[in-house]
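Enquirer: Take a look at this one; I'll ask things after.
Just so it is clear, none of the values below were taken in a lab; they were calculated from the coordinates. If you're wondering where the values come from, they're calculated on a predicted model, not measured in any experiment. Reconstructed Cβ throughout: ideal geometry from the backbone, glycine too, with neighbour counts over all protein chains shown.
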Amino acid sequence: MRLYRYVGPAHLAEQAQSQIPRCQPGSPEELSAWLTAEGYALPVTLTYVVTADRRLRVSDRNSEHVACARGEPVRAAGEIGFRNSSGKPVVDFLTNQSTGYCPEPSCFAAAAEALVEAGFAAPPGFSHEFIFRRCPTCRGISIVKEADFECASCGSALPLGWNFDDTSRAV
């Protein structure tokens with residue numbers, strides 16, 4: 001599984017050491033207690049990362065992934081929704097939407113593993129998959145939509161393969 005390093009804007013990287021509320025739940029009960037303590041009610045959408053040691057970590061949806069991850073490399077990142085089922089949080093949806101880490105859709109395996117390890121049933125796949133590319137011309141981060149591999153900022157052709165290797169490494 002690939003380990004993704006932060007590739008987003010430098011000014012957001014400064015949030016890596018911010019003291020945002022985070023939870024690394026080991027069970028649905030731990031997540032439920034954290035949600036209650038932080039004033040959240042189900043259903044809720046959260047920012048999530050999967051740490052290098054394969055643990056699920058969540059924070060407020062409006063927090064940056066780099067803050068949730070404390071600036072560390074991650075195995076997966078995106079948004080996760082939880083809903084109530086018989087008084088417990090269950091996963092409602094899962095994405096790889098993170099322009100800070102730009103994870104490939106294949107990071108789903110790491111996300112599913114972390115969810116199961118934390119006591120949650122993993123969905124069969126991402127609810128929405130995002131494909132990220134760095135533009136070789138303007139160096140901007142692009143989201144590929146409808147298989148159109150063209151930079152939204154400068155119009156240059158985007159590579160067909162994931163190209164953040166200069167800031168990531170496989171492990």
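Enquirer: Give the angle, between 0 and 90 degrees and rounded to the nearest 10, that separates the Cα long axis of helix 28-38 from the longest principal axis of the Cα atoms of the chain.
Expert: 90 degrees
Enquirer: For SER153 and VAL116 in one chain, what is 0.36 nm times their gap in residues minus the Cα-Cα distance, to one decimal in nm? Write down the numbers at each step before the final one.
Expert: On the way: separation 37, 0.36 × 37 = 13.32 nm, distance 3.87 nm.
Extra length from SER153 to VAL116 when fully extended: 9.4 nm.
Enquirer: What number, rounded to the nearest 500 deg cm²/dmol, is the helix-based mean residue ellipticity at 222 nm of the chain, given -39500 (n - 2.57) per DSSP H run of at least four residues and division by all its residues?
Expert: Rounded to the nearest 500, the figure is -4500 deg cm²/dmol.
Enquirer: Return one number: the angle in degrees, 0 to 90 and rounded to the nearest 10, between the long axis of the Cα atoms of helix 108-117 and the longest principal axis of the Cα atoms of the chain.
Expert: Result, in degrees: 20.
Enquirer: Taking a virtual spin label 7 Å from the Cα of HIS128 along the C-beta vector, which residues in region 12-54 bring their backbone nitrogen under 20 Å of it?
Expert: Output list for this probe position: 43-50.
Enquirer: So, one more: So which cysteines in the chain don't have a second cysteine's C-beta under 4.7 Å from them?
Expert: CYS23, CYS68, CYS102, CYS107
Enquirer: Choose one answer from SER142, SER32, SER127: the residue with the largest mean-square fluctuation in a GNM of the chain with alpha-carbon springs under 10 Å.
Expert: Ranking SER142, SER32, SER127 by mean-square fluctuation puts SER127 first.
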